[in-house]
1. If you take the beta carbon distance between residue 242 and residue 72 as r and set R0 to 41 Å, what does 1/(1 + (r/R0)^6) give as a FRET efficiency, to the nearest 0.05?
2. Measure out, as a whole number of angstrom, how far apart the alpha-carbon centroids of region 176-253 and region 1-40 sit.
3. Under 13 Å from the 7 Å Cα→Cβ point of residue 205, by amide nitrogen: which residues of region 1-38?
4. Based on DSSP H runs of at least 4 residues, each adding -39500 (n - 2.57), what is the mean residue ellipticity at 222 nm of the chain after dividing by all its residues, to the nearest 500 deg cm²/dmol?
5. How high is the FRET efficiency between residue 227 and residue 177 when r is their beta carbon distance and R₀ equals 25 Å, given to the nearest 0.05?
6. Which FRET efficiency, nearest 0.05, do residue 61 and residue 198 yield, Cβ-Cβ r, R0 35 Å?
7. Report the normalised scattering of region 4-248 as log10 I(q)/I(0) at q = 0.08, 0.10, 0.11, 0.18 Å⁻¹, calculated by the Debye formula with identical scatterers on the alpha carbons.
8. With a 10 Å Cβ neighbour count serving as the proxy for reagent exposure, in which order, fewest first, do 81, 247 appear?
Ligand code: PGA
């Protein structure tokens, strides 16, 4: 059965010590909860992955994801982290193409496509982020931008089953301005149709499409009521245990 996914993207926040404290606290608060319709994922900074993997090997309620990866197996790439390094410590998901990587670090669709393929090759699940900037939305180019990103980032990708797509309108990230559930839903429907035309209808039906951009305890329930929103990628509100817990505990339809 397809499960929804509630993912926290901590970005460049929390030391290893703070990460351990957070996860131990979250596990304690999740003790009496047993969700069978949703997965919980945390994507901490690289330095926290290993200590958290030790804790999460014992408590399997929370899955572990990375925020980035390099597109080569190994070698002279100072400062980069390989897919094998992530795989060995139990990382299941890797975010690729986050708008901060695109806009601050200049990542192109071509590089994102290479990273995504490597993540699949190593048996992990890429979370591919797509989304338009404010001026692109205002010029009515939202669908065109998202279609181009999908076409380029999924170029020559045959196995789409393990790919998660996150629709993150850039104007909604960290700004407090979230897309309305209807604005998000219409792009999610567009993404699912695009996948359905390019791959199989069944694959599109089972595809997990996340919404990201100022998701908070106050708006999670209305977002999760939309038919094509299969979860969320949460930045700021995933840094506090109680607000993340409330998001995990959303009331869907
Ligand atoms: P935000 O970030 O929830 O702080 O807007 C979301 C993201 O960038 O994944």
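Derivation of every value follows stated rules applied to the coordinates shown; laboratory data play no part. Since this is a predicted model, take the numbers as computed values, not measurements. When we count neighbours, we look across all protein chains shown, and the Cβ atoms used for this are built from the backbone with ideal geometry, even at glycine.
1. Step by step, r from the Cβ atoms, then E = 0.55.
2. What the calculation gives is 17 Å, centre to centre.
3. Taking a point 7 Å out along Cα→Cβ of residue 205, the residues of region 1-38 whose backbone N falls under 13 Å are 1-2.
4. Numbers: 11 runs with 107 residues, N = 253.
Computed ellipticity for the chain at 222 nm equals -12500 deg cm²/dmol.
5. The formula returns an efficiency of 0.60 here.
6. 0.55
7. -0.28, -0.44, -0.53, -1.53
8. In increasing order of surrounding Cβ atoms, one gets 81, 247.
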